[in-house]
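Asker: Okay, here's the structure, questions in a sec.
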Amino acid sequence: MKRIKTILLLSLCALLSACNKPATEEEPYLEINRNNISGVWELSQWNGNDLAEGSYFHINLVRNDGTFTILQNLDAFPESPREITGRYDLVQDDVLGTVISGLYDHDSGFWAHDYVISKLTASSMVWTAVDDPDFVQLFKRIEVSEFGKE
C-alpha cells in the first residue's frame, strides 16, 4: 500500500511539473525550394539590428517564373518608395546548402551578394551572404495586402 501511495505521489508531482512548463514548441523547418519561399517577405533584421522606424524592405518571390519585386524605402525618400524587379534562382550547393541569387531588370546587374537560405519556417527565414557570413538578414512572412506598406 505504501508503495502504491509513493507511485501515485510521484506521478502527481510529475504531472504538475509538466503542466507548469511553458510551451516551447518551435515551428518546423521547411525544405528550401521555390514553393516554400514563394510569397511576400519583410526584412525584419539586418545583421542583428532592427530596421530604423519607418524603413521597410519587402520582397515578393514568385514561384512560377522565378521573378521578384522589391518595394523598399531604404535608399529612397520614405514617402516615395522604390520598386525594383528582376529574376532569382535557387541552386543547391553540396557544402553551403540552398543558395539564392538574383539579377535586377533594367541593366542594374546582379545582387550584391548570393545568399544561403536557412531556418526556413512558414513565417520566417534567414539569408546569409555567401561571401560575408557576418551579413545576415532575417525575413518575416507578411500578407500580400501589406506589400509595400509600413
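Asker: Among the numbered criteria (1) under 16 Å from VAL144 (Cβ atoms); (2) open to solvent by 40 Å² or more (accessible area, probe 1.4 Å), which single criterion is violated by TRP41?
Answerer: (2)
Asker: Need the failing condition index for SER123 against (1) surrounded by fewer than 16 Cβ atoms within 10 Å (Cβ to Cβ); (2) over 20 Å from VAL144 (Cα atoms), just the number.
Answerer: (2)
Asker: Can you name the residue in the range 72-92 that is modelled with pLDDT under 95 and assigned to a strand (DSSP E or B) and is also surrounded by the fewest Cβ atoms within 10 Å (Cβ to Cβ) among such residues? Spell out the reasoning first.
Answerer: Within the range 72-92, the first condition is being modelled with pLDDT under 95, and the residues that meet it are 72-84.
The next check asks that each one be assigned to a strand (DSSP E or B); those that pass are 72, 82-84.
Working: GLN72: 19, ARG82: 13, GLU83: 10, ILE84: 17.
If we take residues in the range 72-92 being modelled with pLDDT under 95 and assigned to a strand (DSSP E or B), then GLU83 is surrounded by the fewest Cβ atoms within 10 Å (Cβ to Cβ).
Asker: Also, quick follow-up: Only one residue in GLU26, GLU53 is under 18 Å from the mean Cα position of the chain (by Cα), part of a loop (DSSP other than H, G, I, E, B) and at pLDDT below 95. Which one?
Answerer: Details: GLU53 fails: under 18 Å from the mean Cα position of the chain (by Cα).
Answer to the selection: GLU26.
Asker: Can VAL95 be described as in a loop (DSSP other than H, G, I, E, B), at pLDDT 95 or above, open to solvent by 30 Å² or more (accessible area, probe 1.4 Å) and among the β-branched types (Val, Ile, Thr)? Spell out how you get there, then give the answer.
Answerer: Details: in a loop (DSSP other than H, G, I, E, B): yes; at pLDDT 95 or above: yes; open to solvent by 30 Å² or more (accessible area, probe 1.4 Å): yes; among the β-branched types (Val, Ile, Thr): yes.
Answer is yes for this residue.
Asker: Yes or no: LEU61 open to solvent by less than 50 Å² (accessible area, probe 1.4 Å), closer than 29 Å to GLU26 by Cβ, at pLDDT 95 or above and touching a helix residue (DSSP H, G or I) at 6+ places or on another chain (Cβ under 7 Å)? Give the derivation first.
Answerer: Numbers: open to solvent by less than 50 Å² (accessible area, probe 1.4 Å): yes; closer than 29 Å to GLU26 by Cβ: yes; at pLDDT 95 or above: yes; touching a helix residue (DSSP H, G or I) at 6+ places or on another chain (Cβ under 7 Å): yes.
Taking the combined requirement at face value, the residue satisfies it.
Asker: For residues that are part of a loop (DSSP other than H, G, I, E, B) and hydrophobic (A, V, I, L, M, F, W, C), scanning just the range 98-120, find the one that is most open to solvent (accessible area, probe 1.4 Å). Walk me through it before giving the result.
Answerer: Step one: list which residues in the range 98-120 are part of a loop (DSSP other than H, G, I, E, B), which gives 105-108, 111-114, 119-120.
Next, from what is left, pick out any that are hydrophobic (A, V, I, L, M, F, W, C): 111-112, 120.
On the way: TRP111: 26, ALA112: 85, LEU120: 2 Å².
Across the range 98-120, the extreme among qualifying residues is ALA112.
The values are calculated or read from the model by the stated rules, or taken from the named source; none is laboratory data. Predicted model, so just to flag it, every value in this text is computed and none were measured. Cβ sites come from the backbone with ideal geometry, for glycine too, and all protein chains shown count toward neighbours. Each accessible area value is taken on the protein alone, full model and side chains, heavy atoms only, with ligands, DNA and RNA left out. Shrake-Rupley method; radii C 1.70, N 1.55, O 1.52, S 1.80 Å.
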